[in-house]
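Read through the structure below, which is laid out as structure tokens, and then see the notes.
The values are calculated or read from the model by the stated rules, or taken from the named source; none is laboratory data. Quick caveat: nothing in here was measured; it's all calculated off a predicted structure. Cβ atoms come from the backbone with ideal geometry, glycine included; neighbour counts cover every protein chain shown. With ligands, DNA and RNA removed, areas are computed over all heavy atoms of the protein, side chains included. Shrake-Rupley method; radii C 1.70, N 1.55, O 1.52, S 1.80 Å.
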Amino acid sequence: MKKSITIKEGYGDIKFDMPVEEVVGILGEPNDVETIDNATEETTTVLHYNGNLTLFFEGDCPTLSCIDISDEKATLFGKELFDMGEKELVKLMVDNHYYEQEVENEDWGERRVSFGEGNIDFYFDGDELIAVIIGK
């Protein structure tokens, strides 16, 4: 599978709004499946793949809504993300016309750099990128 992130569309062949069955048809069976009951009486189905890809499905007929990526080969705008530090990633986003950013130091110690207009969050441990979370 291609490992390219397309903002608000998906990751490689995996696209937002795909049902669970279609994603499993592309990626194969996950290493682990988790079901989370939300306070809104909706259920979230979570598929975990090889410790570097987690997919979240929501709705009455669950479809893909969020992707958590920690695969070191993931790319965005043709660049390998996990080879970049925070300043380089911010520059990459700005160079591609995503300007509005929010930075927060999480209680558990990671630093989150978010670009709300792109529904993308970058999580850092020091200057090392450890995860990218994208939404539709």
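Could you grab me the full set of residues in region 97-125 that are in contact with a Gly (Cβ under 9 Å, 6 or more places away or on another chain) and free of Cβ contacts under 8 Å to residues at least 60 places away in the same chain?
Hits for region 97-125 are Glu100, Gln101, Glu102, Arg111, Asp121, Phe124, Asp125.
Just to be sure I understand the filter: pairs with C-beta atoms under 9 Å, separated by 6 or more residues or on different chains, first member in region 16-44 and under 19 Å from Ile5 (Cα atoms), second member in a helix (DSSP H, G or I) and open to solvent by 50 Å² or more (accessible area, probe 1.4 Å). Which pairs pass?
Final answer for the pair search is Met18/Ile26.
Looking at Asp125, Asp107, Asp95, can you tell me which residue is open to solvent by 30 Å² or more (accessible area, probe 1.4 Å), of a type in the set (Asp, Glu) and either touching a Pro at 6+ places or on another chain (Cβ under 7 Å) or modelled with pLDDT of 95 or more (or both)?
Asp95
May I ask you to list the residues in region 75-116 that are part of a helix (DSSP H, G or I), over 16 Å from Ile5 (Cα atoms) and within 16 Å of the chain's Cα centre (by Cα)?
none
Go through region 6-35 and report how many residues are open to solvent by 60 Å² or more (accessible area, probe 1.4 Å) and not polar (S, T, N, Q).
13
Please tell me if Val90 is surrounded by 13 or more Cβ atoms within 10 Å (Cβ to Cβ) and over 24 Å from Ile130 (Cβ atoms).
no
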